[in-house]
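Down below is the structure, laid out as structure tokens.
The values are calculated or read from the model by the stated rules, or taken from the named source; none is laboratory data. Note that the structure is a prediction, hence the values are computed from the model and not measured. Ideal geometry is used to build each Cβ from the backbone, glycine not excepted, and the neighbour counts take in all protein chains shown.
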């Protein structure tokens with residue numbers, strides 16, 4: 001669970017780079033939490049309960065998304081591409097799934113090559 005805690009520790013950090021695993025595991029946990037809160041909200045007839053997860057994890061999601069784009073050598077502003085229906089989602093999906101740039105780029109050192117700080 002260190003990948004999720006790492007993303008939460010840097011919840012409002014929009015600089016640096018994030019590995020694919022950090023991004024995808026965070027997204028998986030986000031979707032699971034969303035589904036659980038959605039189901040519980042429906043069960044207790046409070047469908048707005050899911051808003052807790054959406055609002056609570058909004059900044060961490062943006063942060064890890066921007067850092068993931070940085071790892072591929074793109075500006076964090078590419079996240080706004082998600083505003084375009086369907087096409088924006090598909091393009092961002094390709095960016096998030098792409099291999100990060102080898103070596104350091106203008107956003108920082110490669111997280112694969114940087115030893116983990118304990």
> Can you tell me which residues in segment 73-99 are assigned to a loop (DSSP other than H, G, I, E, B), touching a residue at least 24 places away in the same chain (Cβ under 8 Å) and surrounded by 12 or more Cβ atoms within 10 Å (Cβ to Cβ)?
Replying inline: 73, 98
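Can you tell me which residue among 102, 109 is within 22 Å of residue 2 (Cβ to Cβ) and either modelled with pLDDT under 95 or surrounded by 12 or more Cβ atoms within 10 Å (Cβ to Cβ) (or both)?
109
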> When you scan segment 56-70, how many residues do you find that are farther than 19 Å from residue 100 by Cβ and at pLDDT 95 or above?
Replying inline: 0
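One line per residue, one yes/no per condition, for (1) buried (at least 17 other Cβ atoms within 10 Å of the Cβ); (2) more than 17 Å from the chain's Cα centre (by Cα); (3) over 21 Å from residue 111 (Cβ atoms):
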{"residue": "29", "(1), (2), (3)": "no, no, no"}
{"residue": "38", "(1), (2), (3)": "no, yes, yes"}
{"residue": "53", "(1), (2), (3)": "yes, no, yes"}
{"residue": "71", "(1), (2), (3)": "yes, no, no"}
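Condition test on residue 50, is it within 24 Å of residue 12 (Cα to Cα) and touching a helix residue (DSSP H, G or I) at 6+ places or on another chain (Cβ under 9 Å)?
yes
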> List the pairs whose first member sits in segment 38-61 and is at negative phi and touching a residue at least 24 places away in the same chain (Cβ under 8 Å), whose second member is surrounded by 12 or more Cβ atoms within 10 Å (Cβ to Cβ) and not in a helix (DSSP H, G or I), and whose Cβ atoms are under 8 Å apart, counting only residues at least 6 apart or on separate chains?
Replying inline: 59/11; 60/10; 60/11
